[in-house]
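Just so you know, all these numbers are worked out from the coordinates, no wet-lab data involved. In this text the structure is predicted, and so the values were computed from the model without any measurement. Here the Cβ is made from the backbone with ideal geometry for all residues, glycine too, and neighbour counts use every protein chain on show.
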């Protein structure tokens, strides 16, 4: 049995390699996944397809873990997501056609690991930052 840090690292490696099969293996059969936009997903395939939607929309997408905290079965990672928006991104509010703009966003993901798989994922990112960088919202006013 791998420790939680190893499982989380393997998941980030699989994401960065755009390895759908490996991400599927690393998601537990009954995994629970939550993300902004009231996303609540249950199941290995459904959680894998959420990640794949981002990878299809951002074919050069990459996560860089900047900070990590591990406590027992829990891993919290502060990360930077970078990629060029080259295809449609399916979101809870509808499809976002390719904008051909680069996204560099910060986020946090919290994994609960059970055995050698991810049993729970809680993903947090700034939706306004994403929409602004993709040119779908005006830049916020500065003081």
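Per residue, what volume in Å³ does the convex hull of the Cα atoms of the range 63-143 enclose?
126
Run the numbers on the range 3-46 and let me know its relative contact order in percent, using alpha-carbon pairs under 8 Å that are six or more apart.
27
Over the chain, what is the relative contact order in whole percent, taking alpha-carbon pairs under 8 Å and six or more residues apart? Walk me through the numbers before you get to the answer.
Details: 290 pairs, mean separation 35.4, N = 143.
Relative contact order, the chain: 25 percent.
Please determine, in degrees from 0 to 90 and to the nearest 10, the orientation of helix 44-57 with respect to the longest principal axis defined by the Cα atoms of the chain, where the helix direction is its Cα long axis.
With rounding to tens, the tilt is 30 degrees.
Would you compute, from DSSP H runs of 4+ residues alone, the mean residue ellipticity of the chain at 222 nm, taking -39500 (n - 2.57) per run and dividing by the full residue count, rounded to the nearest 500?
Computed ellipticity for the chain at 222 nm equals -8500 deg cm²/dmol.
Measure nothing but the geometry: give the 0 to 90° angle between the long axis through the Cα atoms of 4-16 and the longest principal axis through the Cα atoms of the chain, rounded to 10°.
40
For the pair residue 82 and residue 22, what calculated FRET efficiency results from E = 1/(1 + (r/R0)^6), where r is the Cβ-Cβ distance and R0 = 30 Å, to the nearest 0.05?
It comes out at approximately 0.90.
Which value does Rg/Rh take for the chain over its C-alpha atoms, Rh per Kirkwood?
Across the chain, the Cα-based Rg/Rh ratio is 0.97.
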